[in-house]
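Undergrad: Here it is: the structure, laid out below.
The values are calculated or read from the model by the stated rules, or taken from the named source; none is laboratory data. Remember, predicted model here, so these are calculated numbers, not experimental data. Neighbour counts are summed over all protein chains in view; Cβ atoms, including those assigned to glycine, are modelled from backbone coordinates with ideal geometry. Remember, those area values only see protein heavy atoms, side chains included, never the ligands or the DNA or RNA. Shrake-Rupley method; radii C 1.70, N 1.55, O 1.52, S 1.80 Å.
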Amino acid sequence: MAKTQLEEIDRNIYDIKNKDEYDYKIKKGLTKEIVEEISRQKHEPDWMKEIRLKALETYNNLEMPTWGPDLSELNMDEIATYVKPKSKLNNSWDDVPDDIKNTFDKLGIPEAEKTSLAGVGAQYDSEVVYHSMKDELLKQGVIYTDMETAVREYPEMVKEHFMKCVPISDHKFVALHAAVWSGGSFVYVPKGVKLEMPLQSYFRLNSPESGQFEHTLIIVDEGASLHFIEGCSAPKYNKVNLHAGCVELYVRDNAYLRYSTIENWSKNMLNLNTKKAICGKNAQVDWVSGSFGSKISMLYPMSILNGEGAKTEFTGISFAGKEQNLDNGFKAVHNAPNTSSVVNAKSISKNGGKCTYRSSIKIMENAEGSKSSVSCESLMLDDISISDTIPTNEIRNDNIQFSHEAKIGKISDKTIFYLMSRGLSEEDAKAMIVRGFAYPISKELPVEYAVEMNNLINLELEGAIG
Amino acid sequence: MSSLKLNETPVRTSRNFNINNIKLDNISVPKCLKEFKNVNISECSSKIQIENTINKIDLKYGLDAELLNQVNESSNYRASITIDSKVNKDIAIEFNFDNSNTTLVEAIDIVASEATKSTIVIRYNEKQDVEAYHNGVIRAVAKSNSNVNIIVVNMMNEKSNNFLSIENVIEDNAKINFYIVDFGGKNSITNYYANIKGKNADNKLNTIYLGKDNQLLDLNYIAELYGEKSNIDIEVQGTLKDNAKKHFKGTIDFKKGCKKATGNENENCILLSDTARSIALPMLLCSEEDVEGNHSSSAGRVAEKELFYIMTRGFNYKDAMKLMIRAKFNKILEQIKDENLRNEILERIDKRID
C-alpha cells in the first residue's frame, strides 16, 4: 500500500517562539566560574554551592554513556546553562509579563488551574515565574513552592533529601544537573493528608542554545496521597537545546504518589532526564508517562521498593517521528519482601523515527514473595522506522514470580479492513487503532490531559498515515 | 592465566546492568596443543572429511577475537562435513575428555547441500574427572530446501571451561533445528548466531541448561532475519540450583526487507535455591514494519500447587520436583528422535537435581 509521506507539520501552539528576551543569560559553556556565578545569582547558601562544585568535579570525571543514542552533537561549550527570564516569581497570573503569560495561556495552564488543579507552578527558561496553591492546602500544611524558595525556607528538609535519592555519581548528566540546576518544584504533603486534585508544574524553555535543569523534590509523608503532573514544551530551533532535569520522590510508609508526565519538548531537544522514587512500607508510586517530543530522549524512571509490601506501576507511551530517537523505559529494584511492580509500556514509531524500550527489573535476595510483570508493545507505522526492545531482568531470589512479554509489529491489515467495511476511511481506521493502542495510557490521565495526549497523537499521525 | 572479556551483545545497554559482556579472570588458555585423539565418529563415509589443513574461519560475532584466533591458528581437531544425501542419516561426533585429552580446540564446518536431510549430534563427554578446556567453533550452512538437525550436548564436568561459538547460515526454504543441552563447565559460555537470509528460511533453537554448584552459564543468542517470510523460534528452558548463575542474552533482529518474517523467543528459568542468580536480556530489534515479533521471559520456583498435586499421588518432594523439571525439559527433549540419547540426558538431569 503506497504511503503519503508529508513533511513534519507545524506543532502549532508548542512551537510559538517568544523573543529571546531575558534578564540575565550566563555565557555558554561549563566551568567552575559559571557554576559559581549561577550560585551567586541565586544568592544561595554555601552548602548548596559546595554541592554544585562537587557535582562539577564528578561531571568532569565521568564518561559519556557507551550505550544508547548517539550524543556526539551535544557540545556543552555551546549551551547556556542559566537563563533568568524577565520576570520574578509571581503569585498571580496578572503579574506575569504578557508574552510569557500568553504562552502559558495558549498551553491552557491558567484554565486548567481554575478547573482541575490544586496548585500550579510555571517555569520559563531557568526560573519559576508563577506559583500558587489553593488556600485550604496551605492550612493542611502542604508545601508547594519553587526549589529556590525551598532552599531558603526549608533548608533542613532540602539538605536531607536533595541528591540523596539520585546520587550525584549516578551518571554524567545527573552530575551536570546537580552542578547547574535551576528552578523546579518542592512539594511536601504532611502525614495523612490526601490531595484530591493534582498539582501541576509546567516547564517551558524558550531561549535557544540553552539548557533547562529544573529539580523536582517531592516528599509524600506517611499515609498521605498526591497526584503530581508535569508538562514540558519548547519551540523548535536549529541548534540543540538540552534538558537534564532531576526528579526525586520520597513516598513514605502507606503513602501514595502518582507522577504523570506529558513530555512534548521540541524536536531539537536532547532530553536526558533522571527520575527516581524511594518507596516505604506498603507505599505505592505510579508513573504515567507520555513522551512525544525531543530529538533524543533517554529517560528511565526508577522505583526503589525499600519497604515491605511497596508497589509500583509504570504506564508509558513513546511516539517517535521523523529524526526522533526516543530511548525510554523503566527501572525497578525490589529490595524488600512482598513488593510488586507492573509495567505496561507502549511505543509507536513512524516516519523514520526510532523508539527503544530499555528497562531493568532487579529482584534482590531479600525480596521474598515479590512479583513483577512487564509487558511492552511496539507498533510500527511504516517501513522506514525502527523499534527496539532491550529489557534486563535480574532475579536473585527463588521465592518470586516474574514474567516479561513483548510484542512488535504493524497494524493488522484485517483490522483496518474490518473498520473500513464499517465506513471509516483508511486514515480514520488507522488513527482509531493507534488511539486504541494508546488508550491504556490515556485512561490513566485526568481527562484534560488525556484529551491533550489524544490531540498530540492526532498531531503526530498527520503526515504519517496515508 | 588470562582475563577474558567475552560474548558482547550486539547492542549495548547500561553498564550498570552487568550484561553487555562477561569477564572471566584466571582462565588458562593453552598455547601448544597436542592432537585430540579420543574422538568417536559414528558415520565416517564420504560425508565427513577430517581436514588437517587449517582454513580460516570468520564469524560475524563469536565469543571474541582471541578465542577465534586460537581456533584458526592452533586447533587440534577439525572436521568438515558435507551432507549430500536426501535420506536422513545420523552423524555423531563424540569428544571424550580424559587424562590424555584435556584440551580440545576444534572447528566443525557443516555444509548441507540442496534438498538434503541430516541430523548431526556433537557431544562433549567427560570420561575421566579432569580439568578440561574446550574452545570450539561450529559453523553450518543450510543450502536451499535442506533440512538439518544439529544437537550439541555438553556433558563436561564442573571443573572445566567450555567456550563455544556457533554460526548458521540458512538459505531459501532451508531449515535448521538446533538443540543445545548445556550441563557442563565451571564456565560454560556460548555464542550462537543465525543468519536467516533465505526466503522462507526457518531456524528453531532449543536449549536446556541445568546449572549447579558455582557454575556460570553465559548464553548469547543472536538471530538476524533478512529473508522474506523467514522465521526464528528460540525456546530456552533452564534450572539453576546452589550458587549457579546464568546470563541469557537473546536477540531477534528483524532486518529491513524481511517482510512477513516472524520471530518468537521464550525463556524460562526455574530457581531451586535462594542463592542462584538469573539475569535475562531478551531483545527485539526491528527495522521492518511488516513482521511479527514476540518474546517472553519468566523466572521463579516450581509451581507449588502442581508440586503438591504430584505429592498427593505418592511422590516424595524430591521426586515430584524432578518430575516437574523433567516435564519442562521434555518439551524440548521430545523433539530429539534418538531415544538412547534422550534417556541419557534425562538420567543426567535426575543426577544433577539430586
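Undergrad: Shielding by partners for B:6-19, please: the mean number of other protein chain Cβ atoms within 10 Å of each residue's Cβ.
TA: If you average over the peptide's residues, the count of other-chain Cβ atoms is 5.
Undergrad: Residue by residue through segment B:342-348, which ³J(HN,Hα) values in whole Hz follow from phi under the Karplus form 6.51 cos²θ - 1.76 cosθ + 1.60 (θ = phi - 60°), with glycine and proline marked x?
TA: Couplings: 4, 5, 4, 5, 5, 4, 5 Hz.
Undergrad: Return the subset of B:LYS186/B:LYS212; A:LYS172/A:LYS275; A:LYS88/A:LYS159; A:LYS407/B:LYS259 for which the Cα-Cα distance in this structure is over 18 Å, preserving the input order. Walk me through the numbers on the way to the answer.
TA: Numbers: B:LYS186/B:LYS212 9 Å; A:LYS172/A:LYS275 14 Å; A:LYS88/A:LYS159 25 Å; A:LYS407/B:LYS259 16 Å.
Over 18 Å Cα-Cα: A:LYS88/A:LYS159.
Undergrad: Hey, how many Å between the Cα centroid of segment B:53-81 and the Cα centroid of segment B:249-266?
TA: Centre-to-centre (Cα) distance: 27 Å.
Undergrad: Past the 23 Å Cα-Cα mark, which pairs from A:LYS322/A:LYS414; A:LYS371/B:LYS246; A:LYS42/A:LYS191; A:LYS27/A:LYS49; A:LYS236/A:LYS350; B:LYS241/B:LYS305? Intermediate results must be reported in sequence, preceding the final value.
TA: Numbers: A:LYS322/A:LYS414 27 Å; A:LYS371/B:LYS246 20 Å; A:LYS42/A:LYS191 31 Å; A:LYS27/A:LYS49 19 Å; A:LYS236/A:LYS350 20 Å; B:LYS241/B:LYS305 20 Å.
In this structure, A:LYS322/A:LYS414; A:LYS42/A:LYS191 lie more than 23 Å apart at Cα.
Undergrad: Right, here's the next one. Could you pull out the trypsin sites (Lys or Arg not before Pro) across segment A:400-463 that fall in loop regions by DSSP (anything but H, G, I, E, B) with no more than 12 other Cβ atoms inside 10 Å?
TA: Taking segment A:400-463 and a limit of 12 other Cβ atoms within 10 Å, the loop trypsin sites (Lys or Arg not before Pro) found are A:ARG422, A:LYS443.
Undergrad: Quick one: check the C-alpha center-to-center distance for segment B:286-311 versus segment A:300-324, whole angstrom.
TA: First find each Cα centre; the distance between them is then 22 Å.
Undergrad: Run the reach check for B:LYS37 against lysines, Cα to Cα strictly under 17 Å, same-chain hits fewer than 8 apart removed. What comes back?
TA: Cross-link targets: B:LYS127.
Undergrad: What number, in percent, do you get for the relative contact order of segment A:197-278 if the mean sequence gap of Cα pairs under 8 Å and at least 6 apart is divided by its residue count?
TA: 36
Undergrad: May I ask for the accessible area buried between chains A and B, both sides summed, probe 1.4 Å, to the nearest 100 Å²? Intermediate results must be reported in sequence, preceding the final value.
TA: Details: alone 18580 and 15440 Å², together 30720 Å².
It comes to approximately 3300 Å² buried between A and B.
Undergrad: If you don't mind, there's one more thing I want to ask. Within segment B:309-341, report the trypsin sites (Lys or Arg not before Pro) that DSSP leaves as loop and that have at most 10 other Cβ atoms within 10 Å.
TA: Hits after loop and neighbour filter: B:ARG313.
Undergrad: Partner chain Cβ atoms within 10 Å, averaged over the residues of B:297-308 - can you pull that number for me?
TA: Taking the mean over all residues of the peptide, I get 4.
Undergrad: Let me ask you something else. In Å, what Kirkwood hydrodynamic radius results for chain A from the alpha-carbon pair distances?
TA: 22.5
Undergrad: Taking Cα pairs under 8 Å and at least six residues apart, what relative contact order does chain B come out at, in percent?
TA: 10
Undergrad: By the scheme Lys and Arg +1, Asp and Glu -1, what is the net charge of all other residues having a beta-carbon under 9 Å from that of A:ILE262?
TA: -3
Undergrad: If you find the alpha carbon centre of segment A:178-238 and of segment B:85-124, how far apart are they in angstrom?
TA: Distance between centres, Cα-based: 63 Å.
Undergrad: Can you tell me the dipole magnitude for the protein assembly as shown around its Cα centre, using point charges on the Cβ only (Lys, Arg +1; Asp, Glu -1), in Debye to the nearest 20?
TA: 1260
Undergrad: Quick one: compute the contact order of chain A, relative version, from alpha carbon pairs under 8 angstrom and 6+ residues apart, as a percent. Mind showing how you got there, number by number?
TA: Working: 1192 pairs, mean separation 51.8, N = 466.
Relative contact order here is 11 percent.
Undergrad: Could you derive backbone 3J(HN,Hα) for segment A:125-130 from the dihedral phi with the Karplus parameters 6.51, -1.76 and 1.60 (θ = phi - 60°), listing whole Hz in sequence and x where the residue is Gly or Pro?
TA: Result, rounded to whole Hz: 6, 8, 10, 7, 9, 8.
Undergrad: For a 19 Å ceiling on Cα separation, which of these pairs sit above it: A:LYS32/A:LYS54; B:LYS197/B:LYS255; B:LYS143/B:LYS175; B:LYS60/B:LYS260?
TA: Violating the 19 Å Cα-Cα cut-off are B:LYS60/B:LYS260.
Undergrad: Along the Cα→Cβ direction, 7 angstrom out, place labels at A:GLU323 and B:LYS331. What is the inter-label distance in nm?
TA: 4.7
Undergrad: Also: Carbon and sulfur atoms: what percent of the 1.4 Å accessible area of segment B:60-132 do they account for?
TA: Ligands and nucleic acids excluded, carbon and sulfur give 42 percent.
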